[in-house]
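Right, one structure below, let's go through it.
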Amino acid sequence: MPDLGSSSSHPYLANGLSRDLRCRSYDVVVVGGGVGGLTAAMGAAASWSVGLLTKAGFDETATFFAQGGIAAALAPYDSPELHLRDTLAAGAGLCDEEAVKVLVQEGPDRVYRLERLGTKFDKLDGQLILASEGAHSVPRIVHAGGDATGSVVEGALVEAMVAGRRVALHEDEFVVDLIMREGRVVGALSLSPDGGFTASFARAVVLATGGAGQLFANTTNPPAATGDGHAMAFRAGAWLRDMEFMQFHPTAFYCSENPALLVTEALRGAGAYLRDIHGERFMLGIHPQAELAPRDVVVRRMKEVMDRDQVDHVLLDARHLACVDLRDKFPTVTQGLRARGVDLCTQLVPVSPASHYFMGGVITDLWGRTSLPGLWACGEVASTGVHGANRLASNSLLEGLVFGERVVHDIERSFRVPGLLEPPEPILSLPATNAPGNSEGDVAAARERLALTMSRLCGIVRSEAALCEARRTVKEIRGALRPPRARVAELELVNLLTLAELMIESALRRQESRGVHLRSDYPERDGRWLKNIAVRRENAGKRSFRVLERGERPDD
Ligand code: SIN
């Protein structure tokens with residue numbers, strides 16, 4: 001989308017549209033319908049007009065897919081300090097401690113608020129059931145509907161939002177680009193299913209577009225997780241950070257489905273074991289928490305074991321657990337496995353790592369504010385700093401709740417500043433273009449090649465040689481594409497290519513192994529890399545990387 005204040009050439013995907021443009025105007029536009037987006041939209045709608053744009057249905061968000069629950073210090077034996085300590089330890093030295101403090105201190109209240117909103121958390125004798133998951137030192141995870149937490153939470157939020165009748169919903173609208181005017185984000189340009197474009201202007205835009213697991217061939221993420229928000233923020237010139245850190249979940253059902261069925265970590269929290277193909281428990285002696293070690297530790301060990309045994313899966317064993325409990329607490333997994341011919345109660349489950357959560361994101365401050373005026377971000381697309389180099393299990397729904405709410409407070413503050421936020425003049429049409437586009441077959445083939453390349457060369461284990469090969473292949477894929485037409489599949493592919501490039505370049509720069517980033521040529525953690533890698537797009541289109549000291553912001 002052009003910068004409305006200038007006629008110079010620009011980087012946007014929607015560069016030069018031939019069709020007439022529909023226009024809308026709100027105080028706040030929220031992009032994305034998961035927990036962060038819904039929290040922000042509902043909070044903002046208490047005071048202002050809000051438009052919510054989602055590319056897919058609410059049941060196609062990563063939130064809806066979430067099985068593991070919400071971590072919060074709710075038990076008498078627990079405390080925010082303990083939750084802070086666990087989060088920092090899992091984050092491998094790269095968490096922003098102030099952001100984590102916000103998360104763990106405000107978390108309990110957000111969980112209770114979600115309950116008041118209608119979420120029915122699992123209870124026993126009127127008390128919340130608190131479960132264990134990897135790297136938590138005490139049981140502190142609330143669930144709803146057993147392992148259906150995400151869908152229950154999403155359902156409660158959507159129901160409350162619809163009942164409130166204050167948010168204007170625009171589903172199936174693929175946001176192509178942020179609209180800029182004189183360096184400020186003033187709206188979002190979206191593509192509707194009918195092929196028409198809409199410019200939604202706003203005094204504040206909130207990105208809550210989720211993650212990018214679809215960059216890899218094996219993922220637990222929904223098809224919509226193509227990093228669109230990351231890519232459009234990058235095109236608009238926002239600073240992003242930690243783009244090398246993709247978390248792989250150890251236990252996705254081993255198959256070629258996209259997405260792969262997640263076999264929740266809460267199963268290991270309930271006592272399930274990981275075994276190699278010979279039946280040995282391979283996490284014993286590797287970490288004091290064995291199967292409940294931090295995710296990066298489990299995945300690393302799995303990779304060693306799989307390489308040693310020359311297989312690409314291991315086995316999850318829940319056969320020693322009470323079947324009635326398994327069916328009761330893990331309905332999604334037991335039914336999902338049964339549909340795939342596996343009985344969780346009596347059979348070993350083949351599992352392998354799959355991309356699951358992207359720690360890389362648009363840098364925000366403690367209030368969700370990005371480096372671009374007019375733009376806020378929350379949820380997986382944001383880099384608040386709470387996850388460091390490896391997210392602690394069940395901290396992500398919590399992050400969406402806490403920072404979705406904070407975004408609203410900050411927007412409120414910014415709206416109090418007089419004279420700053422005049423809505424822009426609407427524009428009626430955009431210049432024409434004759435982009436040739438790419439055939440469906442070419443797009444699908446490019447997408448597959450990209451995902452296989454990323455899995456093989458920029459996945460769990462990386463090296464300079466592999467990353468350089470990945471760089472060359474991604475360049476080739478991009479080079480073979482013709483300028484995209486305005487079709488969602490083509491635009492998603494371009495976004496994925498952008499993210500692949502940022503991930504590869506960041507991964508090349510981080511010459512150490514830390515958290516989820518494992519380099520075979522730099523196998524040790526290196527204190528000199530207790531830093532974050534940030535990147536943004538400069539005006540001339542070049543990527544500009546900065547290595548940030550702890551606590552440093554790129555614009556400092
Ligand atoms: C899981 O259920 O294993 C996923 C939990 C999470 O990713 O936080």
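Bear in mind that the values in this text are calculations on the coordinates, not laboratory data. Worth saying up front: this structure is predicted, and the values here are computed from it rather than measured. Every residue, glycine among them, receives a Cβ derived from its backbone with ideal geometry; neighbour counts consider all protein chains shown.
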Stokes-Einstein, Kirkwood over Cα pairs, the range 61-119, 20 °C, 1.002 mPa s; D in µm²/s equals 170
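Under the classification rounded if a/c is under 1.5, otherwise prolate if a/b is larger than b/c and oblate if not, where does the range 120-159 fall, given a ≥ b ≥ c as square roots of the Cα gyration tensor eigenvalues? Display every interim value, and only then the final one.
Values: a/c = 2.93, a/b = 1.53, b/c = 1.92.
Since a/c reaches 1.5 but b/c is at least a/b, the shape of the range 120-159 is classed as oblate.
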Arg525 versus Lys120, label points 7 Å from Cα toward the beta carbon: distance in nm? 4.3
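Cα convex hull of the chain: how many Å³ per residue?
Details: hull volume 79.4 nm³, N = 556.
Cα convex hull per residue, to the nearest whole number: 143 Å³.
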Using alpha carbon centroids, what distance separates the range 481-556 and the range 42-57, in Å? 30
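Once fully extended, how much extra length lies between Val311 and Ala168, figured as 0.36 nm per residue of separation less the alpha-carbon to alpha-carbon distance?
Working: separation 143, 0.36 × 143 = 51.48 nm, distance 4.98 nm.
Using 0.36 nm per residue and subtracting the Cα-Cα distance, I get 46.5 nm.
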In nanometres, the difference between 0.36 nm per residue of separation and the alpha-carbon distance of Asn539 and Arg85 is 159.4 nm
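Treating the beta-carbon of each Lys and Arg as +1 and of each Asp and Glu as -1, no other charges, what is the dipole magnitude of the range 475-544 about its Cα centre, to the nearest 20 debye? Before the final figure, lay out the partial values.
Numbers: 16 positive and 10 negative charges, 51 e Å.
Using only the charged Cβ atoms, the result is roughly 240 debye.
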Kirkwood hydrodynamic radius, the range 336-387, all distinct C-alpha pairs: what's the number in Å? 14.0
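Based only on Cα atoms, what mean projected area does the convex hull of the range 107-177 have, in nm²? Display every interim value, and only then the final one.
On the way: hull surface 29.4 nm².
Directional mean of the projected Cα hull area for the range 107-177 stands at 7.4 nm².
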How about Lys101: which aspartates and glutamates have a C-alpha closer than 14 Å to its C-alpha, ignoring those fewer than 8 places off in the same chain? Glu81, Asp86, Asp109, Asp365, Glu399
Rounded tilt (10° steps) of 295-309 against the dominant C-alpha axis of the chain: 70
Tell me, what HN-Hα J-couplings in whole Hz come from the Karplus equation 6.51 cos²θ - 1.76 cosθ + 1.60 at θ = phi - 60° for each residue of the range 445-450, using x for Gly and Pro? 5, 5, 5, 5, 5, 4
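In debye, nearest 20, what is the charge dipole magnitude of the chain about its Cα centre with +1 on Lys and Arg Cβ and -1 on Asp and Glu Cβ, if you could check? Can you show the working numbers first?
Values: 62 positive and 70 negative charges, 138 e Å.
In total the dipole reaches around 660 debye.
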Relative to the chain, whose Cα atoms define the longest principal axis, helix 464-480 and its Cα axis are tilted in degrees, nearest 10, by 40
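Arranged from highest to lowest average of other beta-carbon atoms within 10 Å per residue, in what order do the peptides 342-349, 406-413, 317-324 appear? Show your work: numbers first, answer last.
Working: 342-349: 17.2, 406-413: 20.9, 317-324: 15.5.
Going from most to least packed, we get 406-413, 342-349, 317-324.
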For the Glu476, Glu257 Cβ pair and Förster radius 30 Å, calculated FRET efficiency rounded to 0.05 is 0.65
Once Lys and Arg get +1 and Asp and Glu get -1 on their Cβ, which of Ala204, Ala168, Gly229 lies farthest toward the positive end of the dipole of the range 134-252? Ala204
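Pairs of Cα atoms under 8 Å, at least six residues apart: use those to get the relative contact order of the range 179-291, whole percent. List each step's numbers first, then the result.
Details: 120 pairs, mean separation 17.2, N = 113.
Here the relative contact order equals 15 percent.
Note down the net charge around Ala272, summing +1 for each Lys or Arg and -1 for each Asp or Glu among other residues with Cβ under 13 Å from its Cβ. Before the final figure, lay out each step's value.
Working: positive: Arg268, Arg275, Arg281, Arg319, Lys329; negative: Glu133, Asp147, Glu265, Glu291, Asp317, Asp325.
So the surrounding residues net to -1.
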Rounded, prolate or oblate: pick one for the range 92-131, where a ≥ b ≥ c are the square roots of the eigenvalues of its C-alpha gyration tensor, a/c under 1.5 means rounded, and failing that, prolate if a/b is larger than b/c, else oblate. prolate
Can you spot the aspartates and glutamates whose alpha carbon is less than 18 Å from Lys329's alpha carbon? Ignore those fewer than 8 places along the same chain. Asp122, Asp125, Glu133, Asp147, Glu265, Asp317, Asp343
